[in-house]
Amino acid sequence: MRVVIIGGTGHVGTYLVPRLADAGHEVVCLSRGQREPYQPHAAWKWVKQIQVDREAEEKTGVFGARVRDLAPDAVIDMICFTPESTRHLVEALRGRVQHFLHCGTIWVHGPSVEVPTTEEQPRRPFGEYGIKKAAIEAYLLDEARRGGFPVTILHPGHIVGPGWHRLKQGGNFIPQVFAQLARGEELALPNLGLETVHHVHADDVAQAFIQALANWSGAVGESFHVVSRAALTLRGYAELMAVWFGQPARLRLMPWEEWRATVSEAEAVATWDHIAHSPNCSIAKAERILDYGPRYSSLQAVAEAVRWMIEQEGLLETSSKPQ
Ligand SMILES: NC(=O)c1ccc[n+]([C@@H]2O[C@H](COP(=O)([O-])OP(=O)(O)OC[C@H]3O[C@@H](n4cnc5c(N)ncnc54)[C@H](OP(=O)(O)O)[C@@H]3O)[C@@H](O)[C@H]2O)c1
């Protein structure tokens, strides 16, 4: 198929574009050209890259027509964050594509009710990002089921992998937390440390997109969680990372109000956003319908990213090496 991917040079695209090319698809990648994929791959030689600023072209109303005029069989939209942006594209592509895949997020769920959370749970999102992504999902599923628009929505968890810092130990993005664990230093965690994070390796997200394309009849009109097999509690996460560094875990649990005074306001806000969601999502539907099988556990995905930070960025200058 001729697959157009919008935003294909980021975390997921780094893995997805080579997988698409390896699967024999003709790939066209749209991005502003401001960044390179995290890892080189020979497949990029065969990928047509087009420089485009989606936001700017949406303002002038030409973005949808641009995508349609590339005559795609399938479109993968990695970077859509508003219902208006989604609608603009769907209106241009209606009746013109075999498959439209939207990258959502597990933040379409608010606080969990019954865990692991399934795709069937009513949406109770909070925060602008999750609310808008849930509205996009509702719109797209309606277009699929009422209007026959061939959409699949994939909801990743916290995406990790080598090449970037988006690691959420402690529920935020502070790489130094890993250095603390590596040095065997005490780490303070909020509450009982029993709130959860649910990671997924970027290559497993890429796998899910490939599987959705390959399982069209089951995938269309559906949304799927794309996470590792199991979420981690913050305390379990810290304990496992400490073991990985060959150190005892020295954890101190603090009531939220006390804990938040130990970090900056921005870190407290990021942590609150994660622990208030405490995601714990089921992949049973993706396993059953897409034959999705994540290669990485949450810890393996994080460990690969931490190893990259150690080797490429000198995260641990004086601390122990991982086992
Ligand atoms: N990160 C997470 O933990 C997480 C978790 C759940 C869901 N998600 C979802 O994952 C998706 C993002 O995927 P990702 O993490 O692979 O993306 P990413 O790493 O942020 O990469 C974004 C891609 O889009 C391009 N891009 C950004 N702005 C653009 C614009 N205005 N016009 C054209 N291209 C543009 C970037 O290249 P240029 O900069 O060169 O344009 C790059 O190719 C989102 O839908 C998000 O909701 C992320």
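A short reminder: the numbers here are calculations on the coordinates, not readings from a lab. The structure presented is a predicted model; accordingly, all values stated were derived computationally and were not measured. No Cβ is skipped: glycine too gets one built from the backbone with ideal geometry, and neighbour counts run over all protein chains shown.
Amide H to amide H, which residues 5 or more places from ASN191 or on other chains are under 5 Å from it, using H placed in the peptide plane? Counting only residues 5 or more places away or on other chains, the set is MET254, TRP256.
How much FRET efficiency would the formula 1/(1 + (r/R0)^6) give for GLU36 and GLU313, where r is the Cβ-Cβ distance and R0 is 25 Å, rounded to 0.05?
Values: r = 17 Å, r/R0 = 0.68.
For GLU36 and GLU313, the calculated efficiency is 0.90.
Calculated translational diffusion coefficient of region 247-323 (4 °C, 1.567 mPa s; Stokes-Einstein with Kirkwood radius over alpha-carbon pairs) equals 80 µm²/s.
Placing pseudo-labels 7 Å out from each Cα toward the beta carbon at ARG96 and ARG295 gives an inter-label distance of 3.5 nm. Using a/c under 1.5 as the rounded threshold, could you call region 114-166 rounded, prolate or oblate? The axes a ≥ b ≥ c are square roots of the C-alpha gyration tensor eigenvalues, and prolate needs a/b larger than b/c, oblate otherwise. Prolate shape, in that a/c is at least 1.5 and a/b is the bigger ratio.
Region 130-275 gives an Rg/Rh value of 1.08, both radii derived from C-alpha positions and Rh following Kirkwood. For region 10-77, the Kirkwood estimate of hydrodynamic radius, built from reciprocal distances between every pair of different alpha carbons, is 12.8 Å. For the pair ARG146 and GLU287 in one chain, pulling the backbone fully straight at 0.36 nm per residue adds 48.2 nm over the alpha carbon distance.
Once fully extended, how much extra length lies between ASP73 and SER217, figured as 0.36 nm per residue of separation less the alpha-carbon to alpha-carbon distance?
On the way: separation 144, 0.36 × 144 = 51.84 nm, distance 1.50 nm.
Length difference between fully extended and current span is 50.3 nm.
For region 207-259, the Stokes-Einstein estimate of translational diffusion at 37 °C and a viscosity of 0.692 mPa s comes to 222 µm²/s, using the Kirkwood hydrodynamic radius over alpha-carbon pairs.
Couplings 3J(HN,Hα) of region 18-34, computed from phi: x, 5, 5, 5, 4, 7, x, 7, 8, 10, 10, 10, 9, 7, 6, x, 8 Hz, in residue order, whole Hz [Karplus 6.51 cos²θ - 1.76 cosθ + 1.60, θ = phi - 60°; x for Gly and Pro].
Relative contact order (percent) for the chain, with alpha-carbon contacts under 8 angstrom and 6 or more residues of separation? All intermediate terms of the calculation are to be shown ahead of the outcome.
Working: 650 pairs, mean separation 62.1, N = 323.
Relative contact order, the chain: 19 percent.
For ILE76, the residues whose amide H sits under 5 Å from its own are VAL4, ILE5, ILE6, LEU101, ignoring neighbours fewer than 5 places away on the same chain, with H placed 1.01 Å from N.
With coordinates expressed along the principal axes, the C-alpha atoms belonging to the chain extend over 58, 43, 39 Å, beginning with the largest.
Taking amide H atoms as placed 1.01 Å from N in the peptide plane, the amide H of GLN49 lies under 5 Å from those of CYS29, each 5 or more residues away in sequence or on another chain.
Counting only helical runs of four or more DSSP H residues, what would the 222 nm mean residue ellipticity of the chain come to if each run contributes -39,500 (n - 2.57) and the total is spread over all its residues?
Working: 12 runs with 123 residues, N = 323.
Taking each H run of at least 4 residues, the total per residue is -11500 deg cm²/dmol.
Diffusion coefficient (Stokes-Einstein, Kirkwood radius over C-alpha pairs, 20 °C, 1.002 mPa s) for region 47-188: 122 µm²/s, rounded to a whole number. Per-residue packing, averaged as other Cβ atoms within 10 Å, sorts the ranges 125-134, 46-55 into the order 125-134, 46-55, beginning with the highest. Fully extending the segment from GLU257 to PHE126 would add 45.1 nm, taking 0.36 nm per residue of separation and subtracting the current Cα-Cα distance.
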